[in-house]
Amino acid sequence: MDGVSIEAARETLTALWGQAGATWVLPVLLGLGLAAATGLRTFLPLLMMAGSERLGLFGLSLNDDWSWVTSDAALIALGVAATVEFVGDKIPGVDHALHSMGLVARPVAAAVAAGGLFAAVDPTTAAVAGVIVGAPTALAFNAVQGGARVASTATTGGLGNPVLSLIEDVLTVFTVILALLAPILIPVVLVILAVVVFRLARRLRRFQERRRARMAA
């Protein structure tokens, strides 16, 4: 697994777009995948990215100025934060507080994750690219997640939120792993993921409307 998928994507993109394929296109694809996952979970994608680079998995390499992300202290902090978020998101009320904080924290985390993937440019350019790629993507997926949560709370009184949270956990892990294994597929997968979450939220809203209609009848 070491380096095969990302190296294969790098070779393909370099053949298509020259050096720009490896310098810009590949980090953008990786960044989109991690940023989308960060829109669902603040710390887990960062933890998975840092752990992969630290262990030498997937052939992932980060910008030199992002070495702090793979330090022992950072990995421990991210691990604790990811655990707290995982547990807290299963508790009605706490999950809404986490989502409110995520409106700020998730775009920042996504920008950090995406910026680190631009390994072949200077740190300032990497940081700017991270903000451009990461923040809007995380905000978009966080907004879709918020809609699904509101609908779930309205239809189940919050009792369905832990189940929805587990689904989001799975989607987060799946999206990060897929981004690292097959970054070229990320645009298609993100569209599918957004449609799935959007349709889930719409079905919950329709269920709520039918329920209100029956109660009013």
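The values are calculated or read from the model by the stated rules, or taken from the named source; none is laboratory data. Nothing here was measured: the structure is a model prediction, and the numbers come from that model. Cβ: placed from backbone, ideal geometry, glycine included. Neighbour counts: every protein chain shown. With ligands, DNA and RNA removed, areas are computed over all heavy atoms of the protein, side chains included. Shrake-Rupley method; radii C 1.70, N 1.55, O 1.52, S 1.80 Å.
A few notes on this one:
- Estimated dipole of the chain in Debye, rounded to 20 [Cβ of Lys and Arg +1, of Asp and Glu -1, Cα centre]: 1560 debye
- Remark on the range 84-206: Rg and Dmax equal 15.5, 49 Å (Cα only).
- Under the criterion of Cα pairs below 8 Å and six or more residues apart, the relative contact order for the chain equals 30 percent.
- The sum of -39500 (n - 2.57) across all DSSP H runs of n ≥ 4, divided by the residue count of the chain, sets its helix-only mean residue ellipticity at 222 nm to -26500 deg cm²/dmol.
- A Förster radius of 30 Å, combined with the Cβ-Cβ distance separating residue 185 from residue 76, puts the computed FRET efficiency at roughly 0.40.
- Residue-by-residue Karplus 3J(HN,Hα) for the range 72-88, coefficients 6.51, -1.76, 1.60, Hz, glycine and proline x: 4, 4, 5, 5, 5, 4, 5, x, 5, 4, 5, 5, 4, 5, 4, 6, x
- Average projected area [Cα convex hull, the range 124-166], square nanometres: 3.4 nm²
- Cut-off 9 Å between beta-carbons: net charge of the residues surrounding residue 123, Lys and Arg +1, Asp and Glu -1: -3
- All distinct Cα pairs of the range 90-157 go into the 1/r average, and the inverse of that average, the Kirkwood radius, is 13.1 Å.
- Among the protein heavy atoms of the chain, carbon and sulfur supply 73% of the accessible surface, probe 1.4 Å, non-protein parts ignored.
- Whole-number Å³ per residue for the convex hull built on Cα positions in the range 17-125: 97 Å³
- Column: log10 I(q)/I(0), Debye, Cα scatterers of the chain, q = 0.17 Å⁻¹: -1.11
- Fully extended contour minus Cα-Cα distance, from residue 57 to residue 140, at 0.36 nm per residue: 27.0 nm
- Evaluating 6.51 cos²θ - 1.76 cosθ + 1.60 at θ = phi - 60° for every residue in the range 184-194, the Karplus couplings come out as 5, 7, 4, x, 5, 5, 5, 4, 4, 4, 4 Hz, glycine and proline recorded as x.
- Amide H to amide H distances under 5 Å link residue 59 with 3, where only residues 5 or more positions off or on other chains count and H is placed in the peptide plane.
- HN-Hα J in Hz across the range 33-44 - Karplus 6.51, -1.76, 1.60, θ = phi - 60°, x for Gly and Pro: x, 5, 5, 4, 5, 5, x, 9, 9, 6, 9, 4
- Å² of accessible area per residue within the chain, as computed with a 1.4 Å probe and no ligands counted: 48 Å²
- The overall shape of the range 1-55, judged from the alpha-carbon gyration tensor, is oblate: a/c is not under 1.5, and a/b is no greater than b/c.
- Extension gain, residue 196-residue 166: 0.36 nm per intervening residue step, less the Cα-Cα distance, totals 9.3 nm.
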